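Every number here is computed from the coordinates shown, using simple stated rules; none is lab data. All values derive from a computational prediction rather than experimental measurement. All Cβ positions, even for glycine, are placed from backbone atoms using ideal geometry, and neighbour counts span all protein chains on display.
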Amino acid sequence: MKDLYRLARTAVWLAFFGATYQELKKPDAERTWHGKVAGVVPYDFRLPTFERLREAYWNPDSDQIFSDRVFGVGWAVNIPVAARRVAALVDQYADASRSLRGPKKKRVSSRGSE
């Protein structure tokens, strides 16, 4: 588990330095401080705004679970969409397990009728 954590941490640092290098090699006038490292990993080093925070973390109208992170490197989790997907998976699991158990049988009391 420690190895996986170290690998993830190394990947984040590489993406951070890659994004910084990508911006610094541009002329001053062309630096936007947001984009994608290697065309895949999003980065944004601009000051966050409330609108961008809401769009990234609370956008129930979207169908995407992951969006570009508001500040830093990587992705943000759209909480309402993730919650909907988890609820759908739980419902699906509950329905499947109910159908596997079969119909409920009536329990007979061990005391019987006295």
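Its relative contact order, with pairs defined as Cα atoms under 8 Å and 6+ residues apart, puts the chain at 17 percent.
Suppose R0 equals 30 Å. What FRET efficiency, 1/(1 + (r/R0)^6) with r the Cβ-Cβ distance, do ALA83 and ALA38 give to the nearest 0.05? It comes out at approximately 0.45. The modelled label-to-label distance for the pair PHE45/SER97, using points 7 Å beyond Cα in the direction of Cβ, is 4.8 nm.
Going by alpha carbons, how many degrees (0 to 90, nearest 10) lie between the helix axis of 2-24 and the longest principal axis of the chain? The helix 2-24 is inclined about 30 degrees to the chain. A simple spin-label model places the labels of TRP58 and THR10 3.9 nm from each other, with each point 7 Å out along Cα-to-Cβ. Between the amide H of PHE66 and those of ASN78, distances stay under 5 Å, these residues lying 5 or more places away or on another chain, with hydrogens modeled in the peptide plane. Between the range 85-100 and the range 1-71, the C-alpha centres lie 34 angstrom from each other. Using the Karplus relation 6.51 cos²θ - 1.76 cosθ + 1.60 with θ = phi - 60°, the per-residue 3J(HN,Hα) values for the range 70-82 come to 6, 9, x, 10, x, 10, 10, 9, 6, 4, x, 5, 4 Hz, with x marking Gly and Pro. Across the alpha-carbon set of the range 1-105, the Rg to Rh ratio works out to 1.20, Rh being the Kirkwood radius.
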